[in-house]
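Below is one structure, written out as structure tokens, with a few remarks after it.
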Amino acid sequence: MSYISIQNVSRTYHDAKSHGRFTALDHVSLDIEQGEFICLLGPSGCGKSTLLDMLAGFSQPSTGTIRIAGEPVTEPSIRRITIFQNYGLLPWRTVAENVELGLETLGLPPEERHRTAAHYLAVVGLEAFRDRHPAELSGGMQQRVAIARALAVDPDILFMDEPFAALDAITRMKLQDEIAAISREQHKTIIFVTHDIEESIVLADRIVVMTPNPGKIKTILPVDLHGTARRDRTSPDFLHIRERVFEAFALKPEDKTEYYI
Ligand code: ADP
């Protein structure tokens, strides 16, 4: 069995308008291997966050099963960390104290907490900011702190829900490169929600293309790019994959200047 197994999962919500049920996800199946970087790509409303929430154990499928390492997912776990768009830092704590948060939950002694926090602040290039407070940092730096905090507990899986959506384009590209490097060096399994086509190509081993009404997996595109070809958004190989994403969404030629779907 695969590391993460999503079998025939559907999720319905109460629909306030019709007083019936609204199908947000319809019979979704997907197998994910340990160490894979998966991007869930699709327009707003196709059920990306609904699927991520269920993988993280925040909610349950209406029908179908989700298993991680063979066990049904019934609740959130400190072994699986979710990083959201809004960083989620505690404003009254310093950068280092924020990174130590999960380590406190794990009950580590102060010295080990300080050492581990310092290590992961160095991984994200923020050693010099350890005593600052979140309000003193840019959005990109705050998201780096959130990434350091997540990595500090050495999780098996990182779930990321449009983590770079609020950042400017240049910062977003830098953080994309950083998280790609981190995923390779730390061998994490990462499930990353986005509606940014280029972001999914830069990051993913496989892009899971989703469409709405009801939310379904349209197709799965492997991204076989290596070295600079992955970061060079104008390379022929990169553009070839982008074309395949456009085809998957059946975008018309005049819509192909859009990078977001
Ligand atoms: P995405 O992340 O792809 O934008 P979501 O998973 O957030 O999509 O939502 C999928 C669909 O389910 C949307 O139509 C959304 O309005 C609906 N939905 C999400 N959460 C709820 C909820 N708690 N109650 C009712 N409908 C919901």
task: Only helical DSSP H runs with n ≥ 4 go in: add -39500 (n - 2.57) per run for the chain, normalise by residue count and round the 222 nm mean residue ellipticity to 500 deg cm²/dmol.
output: -10000 deg cm²/dmol
task: Check the chain and count each lysine pair with an alpha-carbon distance under 25 angstrom, considering only pairs eight or more places apart or from different chains.
output: 14
- prompt: What are the extents of the Cα atoms of the range 1-66 along their three principal axes, listed from largest to smallest and rounded to whole Å?
  reply: 42, 23, 19
- request: Name the residues whose placed amide hydrogens come within less than 5 Å of the amide hydrogen of THR219, ignoring near sequence neighbours (fewer than 5 apart) on the same chain.
  value: VAL209
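What is the mean projected area of the alpha carbon convex hull for the range 44-87, to one decimal in square nanometres? It would help to have the intermediate numbers written out before the result.
Values: hull surface 15.4 nm².
It is 3.9 nm².
Out of every Cα-Cα pair in the range 134-245, what percent are more than 17 Å apart?
58 percent
From the C-alpha gyration tensor of the chain, pull out the three semi-axes of the equivalent ellipsoid (sqrt of 5λ each), sorted largest to smallest, in whole Å.
Working: eigenvalues 183, 111, 59 Å².
In descending order, the three semi-axes are 30, 24, 17 Å.
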field: Alpha carbon centroid spacing (whole Å) that separates the range 208-224 from the range 10-67
entry: 12 Å
task: Could you calculate, for the range 89-154, the ratio of the Cα radius of gyration to the Kirkwood radius, expressed as Rg to Rh?
output: 0.92
task: Give me the angle, in degrees from 0 to 90, between the Cα long axis of helix 139-152 and the longest principal axis of the Cα atoms of the chain, rounded to the nearest 10.
output: 80 degrees
- request: Subtract the Cα-Cα distance of ILE220 and GLU136 from 0.36 nm times their separation in residues, and report this length gain in nm to one decimal.
  value: 26.2 nm
- request: Quick one: what are the phi-derived ³J(HN,Hα) couplings along the range 192-199, Karplus 6.51/-1.76/1.60 with θ = phi - 60°, whole Hz, x for glycine and proline?
  value: 10, 8, 7, 10, 9, 4, 5, 4
field: Given charges at Cβ of Lys, Arg, Asp, Glu: the chain dipole, positive-most of THR228, PHE249, GLN186
entry: PHE249
- prompt: When each pair of different Cα atoms in the range 1-142 is counted once in the 1/r mean, what is the Kirkwood radius in angstroms, to one decimal?
  reply: 17.8 Å
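Taking K and R as +1 and D and E as -1, what net charge do the other residues with C-beta under 13 Å from the C-beta of VAL193 add up to? Write out the running numbers ahead of the final one.
On the way: positive: LYS48; negative: ASP53, ASP161, GLU162, ASP196, GLU199.
So the environment of VAL193 carries a net charge of -4.
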- prompt: Got the relative contact order for the chain handy, in percent, Cα pairs under 8 Å and 6 or more residues apart?
  reply: 25 percent
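Read-outs: derived from the displayed coordinates by stated rules, not from any lab. Model, not experiment: these values are computed from the prediction. Don't worry about glycine lacking a Cβ; one is built from the backbone with ideal geometry, like all the others, and counts go over all protein chains shown.
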